[in-house]
Amino acid sequence: MTRLNMILLIALVGCALSVVTSQHKARKLFMEQQSLQDGERKLDQEWRELLIESQTLGTGKFIEQKATRDLGMTVPDAKKTVILMLDAAPAAMADPKTGDWGAAK
């Protein structure tokens, strides 16, 4: 009978140790998950801020203000504006052998 009690005691201690170990692992994994979720929230917030910034910086009004203020540029008069229309034909290219400009052969 004492032999059976010893075997049962060893099994009980083994089970108790495995429960403690699994609880410890579960807590470590939970803390890691929380840390990763915090990082995800921070990255998501940064992404939203960058989207807003890119939308702000990409507007024509912002670019025009920056060009006027920082570079001293102005919008040209309509009389000085030239509009070029290009057809779908291939552009003229220089002949690599002769260096002449003309239609590519």
With labels modelled as points extended 7 Å from the Cα through the Cβ direction, what inter-label distance (nm, one decimal) is found for residue 83 paired with residue 59? 2.6
Distance between modelled label sites at residue 71 and residue 1, nm, 7 Å Cα→Cβ extension: 9.9
With unit charges on the beta carbon (Lys/Arg positive, Asp/Glu negative), name the residue among 60, 26, 9 whose Cα is farthest towards the positive pole of the charge dipole of segment 2-73. 9
If you plug each phi of segment 24-30 into the Karplus form 6.51 cos²θ - 1.76 cosθ + 1.60 with θ = phi - 60°, what whole-Hz ³J(HN,Hα) values come out, in order, with x for Gly and Pro? 4, 4, 5, 5, 4, 5, 5
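Bear in mind that the values in this text are calculations on the coordinates, not laboratory data. Remember, predicted model here, so these are calculated numbers, not experimental data. All Cβ positions, even for glycine, are placed from backbone atoms using ideal geometry, and neighbour counts span all protein chains on display.
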